[in-house]
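Only the coordinates and a few stated rules stand behind these numbers; no lab work does. What you see is a predicted model, and the numbers here were worked out from it, not measured in a lab. Note: ideal-geometry Cβ built from the backbone for every residue, glycine included; neighbour counts use all protein chains shown.
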Amino acid sequence: GLGGIGGANGGAGGKGAVVGRIERPESKEGAAKLDAWIESVNALHEGDDKSRAQFAYSKNMPDIETVMREFDPEVDEALRNSGFPDNLPDMDLKSTIKYMCAILDIPVYEGHMNESLHMMFTAYLHLKNNPYLSAKATTPGKGKS
């Protein structure tokens with residue numbers, strides 16, 4: 001597959017704080033919230049599983065294991081033959097996000113696109129930080145070609 005991403009809708013994602021906006025980030029309180037957010041993003045990049053569990057989706061999202069499933073061989077072949085991802089249709093950003101999420105079976109709800117992006121990038125980080133998939137991709141005759 002394309003690193004083993006694929007899936008179907010279902011399940012609910014993590015528990016914890018809902019993503020929002022920081023009002024007045026220049027204020028002392030806003031700066032503290034911004035610093036805390038930056039620390040949580042850094043922890044995510046370092047592979048801290050606790051930070052992943054703190055995101056609560058306001059809409060129904062698939063669990064990460066569902067999104068990480070390999071594509072069916074027919075879908076994998078069709079994507080490879082299409083030149084994906086280099087030959088994406090010419091679209092605006094919102095349409096591109098919807099297109100990418102549709103391929104991954106990640107729902108996109110009106111007004112909640114940031115949650116779909118969060119799920120997509122969480123799947124990407126899981127793939128990027130997976131030692132098995134990294135080894136598979138660099139082994140001759142296996143992984144990406």
Subject >> Length gained when the stretch ASP35-ASN87 is fully extended (0.36 nm per residue, less Cα-Cα span) >> reply: 14.9 nm
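Given a Förster distance of 30 angstrom, what is the FRET efficiency for ALA43 paired with TYR99, based on the Cβ-Cβ distance and rounded to 0.05? Walk me through the intermediate numbers first.
Details: r = 30 Å, r/R0 = 1.00.
That gives a FRET efficiency of 0.50.
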**OP:** Go ahead and run the numbers for FRET between ALA78 and GLU23, Cβ-Cβ distance against an R0 of 41 Å, rounding to 0.05.
**Re:** 0.35
Subject >> Fully extended contour minus Cα-Cα distance, from ASN60 to ASN130, at 0.36 nm per residue >> reply: 22.6 nm
